[in-house]
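Enquirer: Handing you this structure, nothing more for now.
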Amino acid sequence: MELNIVLVEPQIPQNTGNIARTCAVTGARLHIIRPMGFEPDDRKLKRAGLDYWHFLDITYYDSIGEFFAENSGEFYFFSTKAQNRYSDVKYPDKCCIIFGREDAGLPEKLLFEHKDSCVRIPMLPTLRSLNLSNSVAIAAYEVLRQWDFPELQNSGELTKYDWSEADRKG
């Protein structure tokens with residue numbers, strides 16, 4: 001299964017670094033559409049992603065048109081302006097979940113042209129939006145949950161104790 005996370009003109013390096021880390025730990029591909037509000041070698045970007053950069057499958061595009069010309073599949077546009085909830089969608093393999101810039105979101109023309117593929121994360125109406133990296137994490141894990149978390153480790157081990165001993169004591 002392949003999940004594609006698309007950032008359209010990201011502006012804040014720390015958000016993009018956090019999203020890159022989410023991509024690395026989930027195996028999602030990251031697509032970044034320029035212009036960006038920072039350079040890919042920004043130390044804030046690298047710091048947020050820590051030592052996960054070498055695990056990334058990342059592609060840069062000079063425009064949204066270039067991205068669409070080079071990619072196919074199902075596209076889902078995340079926006080506070082959308083009419084549909086993100087959790088009501090059944091996400092197929094190789095889907096792209098697309099997010100706009102932190103200060104403006106996705107272009108309204110793009111949203112209007114893809115009404116049925118626009119989704120939102122529910123939130124209180126009196127506040128503007130969630131942080132971009134939080135929105136990407138929510139969306140990515142919903143897709144992965146629907147796919148039963150393919151190839152991801154679904155259980156962990158303690159460092160100082162053995163879980164099987166807790167079963168015998170309980």
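The values are calculated or read from the model by the stated rules, or taken from the named source; none is laboratory data. Small disclaimer: the values here were computed from a predicted structure and weren't measured. Positions of Cβ are generated from backbone atoms using ideal geometry, with glycine treated the same way; all protein chains shown enter the neighbour counts.
Enquirer: When the residues of region 140-170 are filtered to those that are loosely packed, with under 10 Cβ neighbours inside 10 Å and hydroxyl-bearing (Ser, Thr, Tyr), which remaining residue is farthest from THR22 (Cα to Cα)?
Expert: Within region 140-170, the match that is farthest from THR22 (Cα to Cα) is SER164.
Enquirer: How do the pairs read when you match residues in region 143-163 that are charged (D, E, K, R) with residues anywhere that are assigned to a helix (DSSP H, G or I) and at pLDDT below 90, using Cβ under 8 Å and keeping only pairs 6 or more apart or on different chains?
Expert: Note: pairs meeting the criteria are GLU157/TRP163.
Enquirer: Would you mention how many residues in region 47-96 are aliphatic (A, V, I, L, M), touching an Asp or Glu at 6+ places or on another chain (Cβ under 9 Å) and surrounded by 19 or more Cβ atoms within 10 Å (Cβ to Cβ)?
Expert: 1
Enquirer: Quick one: in region 129-170, of everything that is over 10 Å from the mean Cα position of the chain (by Cα) and polar (S, T, N, Q), which residue is farthest from PHE99 (Cα to Cα)?
Expert: SER164
Enquirer: Consider only pairs whose beta carbons are under 7 Å apart and that are at least six residues apart or on different chains; among these, list those whose first residue lies in region 114-133 and is surrounded by fewer than 13 Cβ atoms within 10 Å (Cβ to Cβ) and whose second residue is of a type outside the set (A, V, I, L, M).
Expert: PRO122/ARG85
Enquirer: Considering ASP42, ASP51, ASP57, which residue is in contact with a Lys or Arg (Cβ under 6 Å, 6 or more places away or on another chain), modelled with pLDDT under 95, farther than 11 Å from LEU7 by Cβ and not aliphatic (A, V, I, L, M)?
Expert: From the options ASP42, ASP51, ASP57, the qualifying one is ASP57.
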